[in-house]
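Here is the structure we will look at, set down as structure tokens.
The values are calculated or read from the model by the stated rules, or taken from the named source; none is laboratory data. This one's a predicted model, so the numbers in the text were calculated from it and none came from an experiment. Glycine gets a Cβ as well: all are built from the backbone with ideal geometry, and neighbour counts include every protein chain shown. All accessible areas refer to the heavy atoms of the entire protein, side chains included, with ligands and DNA or RNA removed. Shrake-Rupley method; radii C 1.70, N 1.55, O 1.52, S 1.80 Å.
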Amino acid sequence: MQVLQVQLTVGPDPADVGRARRWARSRLVGCGIGDDEPLAETLILIISELVTNAVVHTGCPAVLRMLVGPADSAGTVRVEVADSSDCPPRPRHAEGDDTNGRGLELVDGLADRWGWQPEGHGKSIWCEVDRGAREGVAGAPVGAAARRGL
């Protein structure tokens, strides 16, 4: 099985997050994941959150990597975002009107697996989304938190 690995360096400007989303969407389409599929929407949201966290919390460039199997595969899509900070990610719980603090909660709810590891002088936060069952009731994305009953 051939796996496509692509990567993009994202500048330290939060405005570059939109460029990362557009780039990722075009790569997903190129791998046979339709623009309007729930899997694509789930991955784009995860990518947006991880890239935003890396750029906002470090003020440095980040590297977005995607590993995607063939279109006819029911395998896994892996997303990695590496940054230059060696500080581990700290999931937070946002309260009602808070304007941030939901990113890793979203990733946890949407991804099938996620974690982080040291990489060079920084770290890489990764997540995996299984291509098999991506829709739940009424087409809602199903992630790890949903399967855990959260």
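For the range 29-55, what are the residues that are open to solvent by 60 Å² or more (accessible area, probe 1.4 Å), modelled with pLDDT of 90 or more and over 10 Å from the mean Cα position of the chain (by Cα)?
Pass one, the range 29-55, residues open to solvent by 60 Å² or more (accessible area, probe 1.4 Å): 29-30, 35-37, 41, 45.
In the following step, the residues that additionally are modelled with pLDDT of 90 or more were identified as 29, 37, 41, 45.
Result: Val29, Glu37, Glu41.
Right, Ala94: hydrophobic (A, V, I, L, M, F, W, C), open to solvent by less than 70 Å² (accessible area, probe 1.4 Å), assigned to a loop (DSSP other than H, G, I, E, B) and in contact with a helix residue (DSSP H, G or I) (Cβ under 8 Å, 6 or more places away or on another chain) or not?
Considered against the rule, which asks whether it is hydrophobic (A, V, I, L, M, F, W, C), open to solvent by less than 70 Å² (accessible area, probe 1.4 Å), assigned to a loop (DSSP other than H, G, I, E, B) and in contact with a helix residue (DSSP H, G or I) (Cβ under 8 Å, 6 or more places away or on another chain), Ala94 comes out as yes.
Before we move on, is Gly109 closer than 21 Å to Gly132 by Cβ, in a strand (DSSP E or B) and open to solvent by less than 30 Å² (accessible area, probe 1.4 Å)? Break it down into steps so the answer makes sense when it comes.
Values: closer than 21 Å to Gly132 by Cβ: yes; in a strand (DSSP E or B): no; open to solvent by less than 30 Å² (accessible area, probe 1.4 Å): yes.
No: the conditions fail for Gly109.
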